[in-house]
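Asker: First the structure, which I've put down as structure tokens, then a few questions once you've had a look.
The values are calculated or read from the model by the stated rules, or taken from the named source; none is laboratory data. Here the structure is a predicted model, which means the values were calculated and not measured. For neighbour counting, all protein chains shown are included, and Cβ atoms are generated from backbone atoms with ideal geometry for every residue, glycine included. Surface areas here come from the heavy atoms of the whole protein model, side chains and all, with no ligands, DNA or RNA. Shrake-Rupley method; radii C 1.70, N 1.55, O 1.52, S 1.80 Å.
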Amino acid sequence: MNPIPTQHYLRTPLLTSCSMLSLPAFIILAVTFSLSSALYAAETSTSLRFEYFLAALRRVKPDGVINLKKLHTYPEKLLTVDSQYPLLTQYSWSDIETLFKVKSNCQWVKVDTHSLQTAIDFEWALCNKRALPESWWTQAPLLHPAGGSYADRYLEAIEKNFGGNSDEATNFLTHHADLLTLSNPLHPLYNAFKNIEPEGIAALLAGSHFFLASDNSLWLSNQTSIVKIAATTWQPLAKEAYLVITQRQKQQSCAIFSAGNLCITERNITLLISWWITGIFFFLVVAISVVRILRQRQQDTREKKFILQLLVHELRTPVASLSMTVEQFRADYDQLSERGQMAFGRLLQDCSRLHRLTETSKGFLSSDNQSMLQCQSVLLSEWLADVVKNYPVQFTISEDKELSLPWYWLGLCLENLIRNALAHGKPPVFLVISTAPKLRLEVNDQGDSPGWWQLLTGKKSKNRGMGIGLTLVKRIMQRMGGRLIHQRHPTRYILELDYDKTAAG
């Protein structure tokens, strides 16, 4: 009777793994899942409707209320239908015959059994029209061996001798009405339980919360009382909740679920199933579309990666040729003019950088992170000085260390942030470097980054770029096991990297 748990819904791994399935296999999987969910949801939906129905019942005025505290003051064995039958588990048929002879012949006999002797004394007193003292009722058992209670038989004798409206009968009912059985019309609870079967009384006394009587009255038991609700009251509420509530017979299994002797099903189940079938096909259409989109994106990514790998591979040949040309110039370096030597220095630097770019790009395009994370041990301050030498920025280091890191990629990311701050930020731009507990490279300027609402509405600075560089920085940092942090007031971009883990791979 609980709502559908979340674990019954389709998980992301299932969806992503569907891209590896053939289309027929995926459809079979989706239909199986959807049908099982529909059956489970149909049961849960009915139980939820039943909960709403019970909530509506609590707001109506019942046709009868029996306080449980008051009910428990009556002996339970006098309230069940078993009280009307002979106590054959305690007495034999010969004992019952002995009592019948005493009643018929009005002759007292002596027996060895104390409880049977009590019944003999009782029958002998009745046939001799003798009144029993009040003390007798505090000591005698409740049930007569032949069925019924002693109080039932004694009241019957009083009405026979003195009349039902006599003072004797009234006085006895005033003091001992609780000793009558529930089947006696003079029992205080007789009218309250008059229209319910004995099985229903036994079920409610045993703790059942629901019972539907043969007259279609609905009985509900809670912690404080037992209430009776007429069919004219509860049936319209059940109809509003689209429920069909019937009496469950013995050995009957209910189609949806049961509560007490109630069989609870849902109205218009055909309409519900048709809605579920429609939902299943809608789900299939959406799922197939998603799978196709995922496959297309995966194929596009592979093609882009192939093109990049091809470009990097083809770049190696002109880079190698350019290196040979640089070596030839190096041999004639002394013969160059001063201006030519300066141009050769720039050519040598750019050639070296291009060579490193082609080599390290192979690692970045590889699925293996280790081929990208080629680490070298360098003093942090020396590396920073080399990175910022071409930019008008200053830096501070909390503690200088020699670290083993993939400095090329880290330098590429830091230079991208510096250029971004100089181009789009508000000067001055400065760096704050810390090494405890992680390496943090913080690029600060005095401007304010646009908020997400400005990016959505298109209200951003004319000087700002498309953000592609920052996207690449974020991807590279993730590949190295670090992250890019962005703070807005003022603008700060932070590269954070756990150098111990990066060096350990």
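Asker: Need one value: the accessible area of E338 in square angstrom, 1.4 angstrom probe, rounded to the nearest 10.
Answerer: Accessible surface of E338 is approximately 140 Å².
Asker: Set the Förster radius R0 to 30 Å, insert the Cβ-Cβ distance between L88 and H209 as r into 1/(1 + (r/R0)^6), and round the FRET efficiency to 0.05.
Answerer: E(calc), rounded to 0.05, equals 0.35.
Asker: How big is the accessible area of W93 in square angstrom, nearest 10, if you roll a 1.4 angstrom probe over the protein chains?
Answerer: 150
Asker: I would also like to ask the following. Full-extension gain between K77 and Q341, please, as 0.36 nm times their residue separation minus the C-alpha to C-alpha distance.
Answerer: Working it through step by step, the gained length comes to 83.4 nm.
Asker: Taking the Cα centre of the range 145-234 as origin, sum charge times position over the Cβ atoms of Lys and Arg (+1) and Asp and Glu (-1), and report the length of that vector in debye to the nearest 20.
Answerer: I would put it at about 200 debye.
Asker: Which loop-located chymotrypsin sites (Phe, Trp or Tyr not before Pro) does the range 143-225 contain, where loop means any DSSP state but H, G, I, E or B and the Cβ has at most 15 other Cβ atoms within 10 Å?
Answerer: Within the range 143-225, the qualifying chymotrypsin sites (Phe, Trp or Tyr not before Pro) (loop, at most 15 other Cβ atoms within 10 Å) are Y190.
Asker: Checking the table K77/K101; K77/K103; K194/K228; K389/K426 against a 23 Å threshold on Cα-Cα, which pairs fail?
Answerer: Exceeds cut-off: K77/K101; K77/K103.
Asker: Right, another one. Against the 2.2 N^0.38 Å scaling, with N counting residues, where does the range 85-167 land? I'd like the Cα-based Rg ratio to two decimal places.
Answerer: In units of the 2.2 N^0.38 Å rule of thumb, it is 1.07.
Asker: With all protein chains present, calculate the accessible area of T278 using a 1.4 Å probe and round the result to the nearest 10 Å².
Answerer: Near enough 80 Å² of accessible area.
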